[in-house]
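Asks: Just dropping this structure here.
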Amino acid sequence: MLVSAKEMLEKAKAGHYAVGQFNINNLEWTKAILQTAQELNSPVILGVSEGAGKYMAGYKTVVGMVNGMLEELNITVPVALHLDHGSYEGCYKCIEAGFSSIMFDGSHYPIEENVEKTKELVKVCAEKGLSLEAEVGSIGGEEDGVVGMGECADPNECKMIADLGVTMLAAGIGNIHGKYPENWQGLSFETLDAIQALTGEMPLVLHGGTGIPEDMIKKAISLGVAKINVNTECQLAFAAATREYVEAGKDLQGKGYDPRKLLAPGAEAIKATVKEKMELFGSIGKA
Ligand code: 13P
């Protein structure tokens, strides 16, 4: 059964490790992530962007697929199904479809409007037992065609949103989605430290997990990050493994064109990436 991300993240914050949010794009992705979490006895969060939700034929399809896998693959570790960077309308759709966690990304609204909309969703999520992630300070890079600038959030605004009763808070600290450019300045630990000082127990979320050096990940966890989102890295691993298979001509040998064979190396590559991240984040054995 899907669970809210609240308990797993509170435990992670108290235990100084982080739970990975791995974004899903299709059945292979979902299965690879769930099997790896189960094998490593780690809690996990499946992230679904609005674009990926649409691609997978809608939120209800996603809920059906994930719930089916939990049962048929005997997944017993805590799993949250989470809307990633949700719009206000998208949040309501996912609540209705049966997600167990949502992110309302109001970072592009003026802070007053972000507060108002977040406040309303806090109430709805509390009634339904869902966890809610809010965002302050837009996270850079491109996601679903939306390009953010990679800001550093204002710690006072973070406190304002945290005090509304959200479950976890994503704050921009110089992180961006996708690959980091050559001239990236690194994470702003000064900002993170100031945010944690004001928000206390609140589990903090680090977006743009792809390509952040290990020492920075560890330092971020030590400063209160309890959830780390990874998407692009699984996509790159999947693409590289699939390319290798095709370039080696394996799709032309025997029934190598069968999607169950063609997509297998990519799925294995996702598993390896997820395992590597779970080791780094410290969530193995914490289910
Ligand atoms: P990356 O694609 O950079 O790993 O970011 C993932 C993310 O933050 C999803 O919200």
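The values are calculated or read from the model by the stated rules, or taken from the named source; none is laboratory data. What you see is a predicted model, and the numbers here were worked out from it, not measured in a lab. Because the Cβ atoms are built from the backbone with ideal geometry, glycine has one as well, and the counts that use them run over all protein chains shown.
Asks: Look through region 13-29, keep the residues that are in a loop (DSSP other than H, G, I, E, B) and either away from the ligand (no atom under 13 Å from the Cβ) or of a type in the set (A, V, I, L, M) (or both), and return whichever of them is farthest from ASP258 (Cα to Cα).
Replies: Step by step, filter region 13-29, then rank; the result is HIS16.
Asks: Are there any pairs with C-beta distances below 7 angstrom linking a residue in region 166-178 that is within 11 Å of the ligand (Cβ to nearest atom) to a residue that is of a type in the set (D, E, K, R) and in a strand (DSSP E or B), with the two at least 6 apart or on different chains, and if so which?
Replies: Pairs that qualify, where the first residue is within 11 Å of the ligand (Cβ to nearest atom) and the partner is of a type in the set (D, E, K, R) and in a strand (DSSP E or B), are ALA170/GLU133; ALA170/GLU135; HIS177/GLU142; HIS177/GLU143; GLY178/GLU142.
Asks: From (1) crowded, with 23+ Cβ neighbours inside 10 Å; (2) touching a residue at least 60 places away in the same chain (Cβ under 8 Å), pick out the condition that doesn't hold for GLU10.
Replies: (1)
Asks: Can you pull out the residues in region 41-65 that are away from the ligand (no atom under 16 Å from the Cβ), part of a helix (DSSP H, G or I), touching a residue at least 24 places away in the same chain (Cβ under 8 Å) and surrounded by fewer than 22 Cβ atoms within 10 Å (Cβ to Cβ)?
Replies: LYS60, VAL63, MET65
Asks: Say whether the condition of being among the aliphatic types (A, V, I, L, M) and farther than 18 Å from ALA170 by Cβ is met by at least one residue in region 140-156.
Replies: No; the residues of region 140-156 include none that is among the aliphatic types (A, V, I, L, M) and farther than 18 Å from ALA170 by Cβ.
Asks: When the residues of region 179-206 are filtered to those that are within 12 Å of the ligand (Cβ to nearest atom) and within 15 Å of the chain's Cα centre (by Cα), which remaining residue is nearest to GLU133 (Cα to Cα)?
Replies: The residue in question is VAL205.
Asks: Taking region 67-83, which residues are away from the ligand (no atom under 15 Å from the Cβ), out of contact with any Pro (no Cβ under 7 Å at 6 or more places or on another chain) and not in a helix (DSSP H, G or I)?
Replies: LEU73, ASN74, ILE75, THR76, VAL79
Asks: Of all residues in region 84-119, count the ones that are surrounded by 17 or more Cβ atoms within 10 Å (Cβ to Cβ), away from the ligand (no atom under 16 Å from the Cβ), outside any helix (DSSP H, G or I) and not small (Gly, Ala, Ser).
Replies: Residues that pass the stated criteria total 0.
Asks: Just one of the numbered conditions (1) within 25 Å of LEU280 (Cα to Cα); (2) assigned to a helix (DSSP H, G or I); (3) within 16 Å of the ligand (Cβ to nearest atom) is not true of GLN38; which one?
Replies: (3)
Asks: Restricting attention to region 207-219, report how many residues are farther than 10 Å from PHE281 by Cα and within 15 Å of the ligand (Cβ to nearest atom).
Replies: 8
Asks: Would you confirm, using the coordinates I've provided, whether LYS250 is within 12 Å of the ligand (Cβ to nearest atom), under 22 Å from TRP29 (Cβ atoms) and among the charged types (D, E, K, R)?
Replies: Judged against the criteria, LYS250 is not a match.
Asks: So which residues in region 221-238 are among the aliphatic types (A, V, I, L, M) and either away from the ligand (no atom under 13 Å from the Cβ) or modelled with pLDDT under 95 (or both)?
Replies: ILE221, LEU223, ALA226
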